[in-house]
Structure formats: C-alpha cells, structure tokens
Amino acid sequence: MPAPGTPPQRLMLARQLIREKGLSRTDLALLEDILREGAGDLDPLLEAPSGETASTGESPAQANLRRNLGLFLAFLHQFSPRRLGEARIAMGLVLQHSLGRLAHLTGTAHRELMVEHDQPAWVGLLLDLLASLRTMAAPPGEEAGTLQALWAAFLEDHRDSFRQIMTALQTCKDGPEAVARLNAQMKVVNRAIQGQGRLEESLARLAEHLEACIPPEFHARAEPLLLLQHVVSNLRLGLMRPMDRGIHWPAVEQVRGSLRWLWDHLGWVLPRMDAELFRDRTPVELRQLLRDLRAGDPALFSVVARALASHISLLGLMESLEPSAGTGAQEIYASVPTFLVIESELGRVAERAYDPARAALVDPDRPEAPRLRAYLRQAVLSLRQDQGTLRSLLQQALAGADAEQVAHAQDSLRGLLLNHQKQLMGELVGLFSPDVQQRLFPDSPSLMEEGDRLRLRIQRLWEQVPPIHTHLLLSLELQDWPRLALGLAQAYRHLLAFRRSPEFPLMRRPDREEAERLIEDLGQLLESPEEVHQALRDAMDVLGELLRFLELFLLRINARVPLIRQDLEVAQEALQLIASLRGNPAGTERARLSHKLIQSTKRLGVRDAQAVVLLKRWVRAERGQREGSLPVLEPLAAHLGQLAMRLEAALG
C-alpha cells in the first residue's frame, strides 16, 4: 500500500472528491494529469504519518476545526526567532489567541455533534463544565492561598450546573453510582480547598469522573474532540505566564510537539488541492484549453498546469479568510498564522511552479514560447513582491500592538493578494486564449489599473492636505496654537485614512516604509507631546517633509505616462517595419529597413528586455542566412503586438 502523500493515494482521493461533484471521466483524467505534473507542489500542506485520512463524513464544524488546526501547525513548523522582527510581544498574543480559537472551534464541533446525535441538554452542560475545569488548570508559580480562593469561587459559580447534571444522571442507567462518585469527589475537592489535600490532583480526578458520565455511545464520537480540548486548554495556560515577556521558546516547542502528536493521533490531513475549489476554478472553457495544450505540447501543458494548480491552492487559502474589520481581537490575531502560511506558500510557488528554467522545456519554435518566458520572470517578481509586502505590512501592524491596525492590514493584504493571484492566472491563460481570459477573468485589475488607483488616491490626498498646510503656516507665524493643533489633527486624519486605504499596500516597499515612518512620527508628536509648543513646531516640519515626499512620488508616477506613450510609438513603428520586411524587399531597401528596425527596437530595451533578446536572435539569423530569417522574426512581431496592446490599454 503506498505511503500517504504519494501520487497514487493523492490521485485516488482527488478522483473520489471530483467524482462526487459530477465531472466526466475526461475531466478526471485531466485532473490526474495536473496532479501528476505538480506532484511535489500539491503534496498535502500537512499530513499524518499513519495511513488513515480524515473521515469523509466529518461535520462542517469538525472540518473547520481540522483545517484551522492544520494551518496553525503549518505556521508553527516554519516559525523561528529569526522571523520575529519587532513583533516579538505580539506573536505571544498570536499564539494565545490561536489556541483560544481552537478551543472555541472544538466547543462548536461538540455542540454540532450533540445535535447530530440528539443528545439532551445536560450533556452539553457537562462538556462545557469539563472544558472549564481543564481550562482552569493551575498556572505555574501561583500562591496556594490564591488558588484555593479561585477554585472556591469557580465551584460556587457552577453550583447550578453540577446540580442539573447530577439530577439528570439519577434517571440514567448506572446513574446513581456515578452521582455517588461525583459527590464523594466533590467532598475531596472541598477538603483540598480548605488545605487538607492536593488540590490539583483532586480536580483532575473530578474531571475524570465527569468525563466517565458522558453517554458511552456519544463518548466514542466525542473522544477525539475531548482529547483536543484537553490538550489545547492545557497548552494555552502553560503559555500564559511565560508569554508576559514575549516568546518563550521552550513553551512554543511544547505547543508544537503536543499538537503534532495530536494531529498524528487523529490521523488528519490538510490537502493543498481542494476538489470544490478546483471545480470552480476550472470551468468548461479552461478545461478545454488545458486539454488542447496537453494534446499539442505535453511540455507546455506541464508548465501551465503546474502554475494553475498552485494558484488554485493559494486561492483556497486566501478565500478562506474572513474580513477582519469588526471582529474581536481573538479572530484578528488568530488569523495571523494563516497569513504567514500564505507568505511561505508564495515563496514556494515562486521557487517551484514558476521557475523560469522550466521555459526551456517548451519548444522554442512555438509562438507562445518567448511570451511564456517573459511571463514566468514577471510572475516570479510579482510573487516575491507580494511576499515582501505581506511580511512587512503584517510585521509593522503587529509591532504597533493595535488590533484595529492589524485588522486593516489583513483586509488590505487579502484584497491585494486575491487580485494579484487572479491577475496572474488571467495573464497565463491569456497567453494562449485572450477570449478565455476575457470570459473567466473580466474583473481582474491589471498592474496599470492598480497604479492608476494609487495615483488617484495620492492625488486626492494632495488636494486635501496642502490647503490645510497653507493655513497652518499662517497659524504658526501668528502663534495661534489652538488653531494650529486643530489643523494638524485634521491633516493627520487625512493621512491615516490614506494609510488604511486598500491602495496603500500597492506602493513599493521603500516608498511605503518612508510614508509610514513620516505618518508615525507625526502621530507621535501629536499624541504624546512633552512640550506642546515645540511639538507643534516639530509636527509642522514633519508635515512639510511628508508633503515634499508626496509631491515627488506623484511626479514619478505621472512621469510614467509619457514613457508609456513613447514605448507605444516605438512598438507601433517596429511593427510597421516588420510588415515591410515581410514583403521580402531585396538589396539596399532590405538593409535600410533592417537597420531602422534595429535602431528603433533597441530603445525598448530599457523597460522591455525581452524585445531586445528577440531582436538579437533575428539579427543573428539575418546575418547567417537571409532567406531563413523571416520565421525568426515572427516571435518578435508577436511580442511587439502584445506589448502595443498592453500599452494602449494602459493609456486608456
């Protein structure tokens, strides 16, 4: 029997899932080929060493619990001191809240299981009480007297719960004996609270007696969740005290080891390829395009299928994230591990699925080959840039120790990453069928459209702040401090709105970090001044520096429009020269056209290196064998045609 994660088992699971969605045998064969091409890329994100897999009959709540536990474990496996930066304290909150959410999801799965098996209300009360007992485990180093008072209050608060459970147990089979054991153990606990015994040991024994009261037929189904609840609650409390001063690595290793043991014990698997997402992301038109590529050029199909499968996997991760705005601190901080898993997955896709060396497998005579090579290089740059943006924005938000700022960063990143993944998928499909790209990805914004959004946002900010700055200079000259403070606060609000806008992450990292530094400096001067008048003067200096930065940034963005127009004119002129060369002129006229094409196309090399590469290839063919150089000219013509289309679209 093959080991888990090997292609036969993975194909079998995927085939079973897709068959349940009603796809044809041809579609199943296509999926198998995609999985085979990306065998290493599509290994499960996390799997158990045993041969068991997650039950196909698991409830939605249990599937959600399994997925969240798997993502948290995947985060812990790549978590290290080197990746903390300034977010050391905040990462302690991330671990705490992640474990807290796992405990909450376990309780939800318990309640769903109770409804499914038609269990009475007292069973849910018993499960909640059991979870509370285990969560109230004694933290290390607490004084005995304080602990005794805490436990006395806890038992007093839950007196009604104990009474209801014991009343219900009286009517069950073997219930009176269980009630007698519980009463006897409660007396032991009360004596321990009064200092006549070991408190922790007696409470642990009480939890064991309560667990024994769960109906046997329900206990078998609830046992994995009870085990998970017990492990998570103890790990969470074990972290609480060391985390007061940041990351305590022995405690983190204990969490990692315990949860990994639990994952292996349950036999759960977290796959990268989700069957339903694969069905949604590969409609009929895309499947037909992939079948045509497979029939025409298996090597080209391998490159495209591997890239598309990786995008589908990443989209599954990103779309599973709920909007963070308006949620509690637990949900906000517990989402951070998923974002960091996405960050590592972006790097994995850039290194493996989009390795530019894979373009060497494609037949160089195919018209799509040059554009595919250029696309692979651009995709790697885009993925790396997204990876850096995610890491820097999240690190800065965590270092600020502000849950609202973390939520805004997460929502901005989610929208940005989703757009870029759809954009990369659309451009990859568009290399082979612009019609399919237009039908499947009509709303995917181009890089130029994103740049325009950023330019308009900064232009709007520029229209808001400089008029305020003019009035502020007059207030400073008149030393009208109240009016100056109000004006600075108004300007600061505009800057904060820009910083929290979805366009802000579109700035390149150096520019974004400089803008963040200036906005933070202005905020610190306004929020906690040591000497008010001097702080207001310093704030005016920072605001002036910020306005100069925005002015230069706007000039740089607006200066790109003439460059785009210039490149468009050069590309159109080169296409006209190529059309003239296709007429097979001879002698002096051919030499003149060739020289003019070389001089014209060379100007594109500053911003489009691929055009120069294709030009050099044609020049070598032209010098070596003039009669056979026209076929080599076709890839250059196709590239220039695509370039002209993109530049025209960019100019609107």
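The values are calculated or read from the model by the stated rules, or taken from the named source; none is laboratory data. Just so we're clear, the structure is a prediction, and the values are computed from it rather than from any experiment. Cβ sites come from the backbone with ideal geometry, for glycine too, and all protein chains shown count toward neighbours. Just the protein is used for accessible areas: all its heavy atoms, side chains included, with ligands, DNA and RNA removed. Shrake-Rupley method; radii C 1.70, N 1.55, O 1.52, S 1.80 Å.
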*Add +1 for every Lys or Arg and -1 for every Asp or Glu among the other residues with Cβ under 10 Å from the Cβ of residue 638, and state the total.*
-1
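Taking square-rooted eigenvalues a ≥ b ≥ c of the alpha carbon gyration tensor, is the stretch 382-444 rounded, prolate or oblate, where a/c under 1.5 means rounded and, failing that, a/b exceeding b/c means prolate?
Numbers: a/c = 8.02, a/b = 2.70, b/c = 2.97.
Cα axes put the stretch 382-444 in the oblate bin.
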*Give the long-range amide H neighbours of residue 46: residues separated by 5 or more places, or on another chain, with amide H under 5 Å away, using H modelled in the peptide plane at 1.01 Å from N.*
270
*Give, rounded to the nearest 20 debye, the magnitude of the charge dipole that the stretch 247-372 has about its Cα centre when Lys and Arg contribute +1 at Cβ and Asp and Glu contribute -1 at Cβ.*
280 debye
*Phi-based couplings in Hz for the stretch 568-580 (Karplus 6.51, -1.76, 1.60; Gly and Pro marked x)*: 5, 5, 5, 5, 5, 5, 5, 5, 5, 5, 5, 4, 5
*Does the stretch 307-445 come out rounded, prolate or oblate, given a ≥ b ≥ c as the square roots of the eigenvalues of its C-alpha gyration tensor, rounded meaning a/c under 1.5 and, failing that, prolate meaning a/b above b/c?*
prolate
*Looking at the square roots a ≥ b ≥ c of the eigenvalues of the Cα gyration tensor of the stretch 501-542, which shape do they give, rounded for a/c under 1.5, prolate if a/b is larger than b/c, or oblate?*
prolate
*Could you tell me the accessible area of residue 104 in Å² (1.4 Å probe, neighbours in place), rounded to the nearest ten?*
100 Å²
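Using a 1.4 angstrom probe on heavy atoms only, work out the carbon and sulfur share of the accessible area of the stretch 508-621 in %.
52 percent
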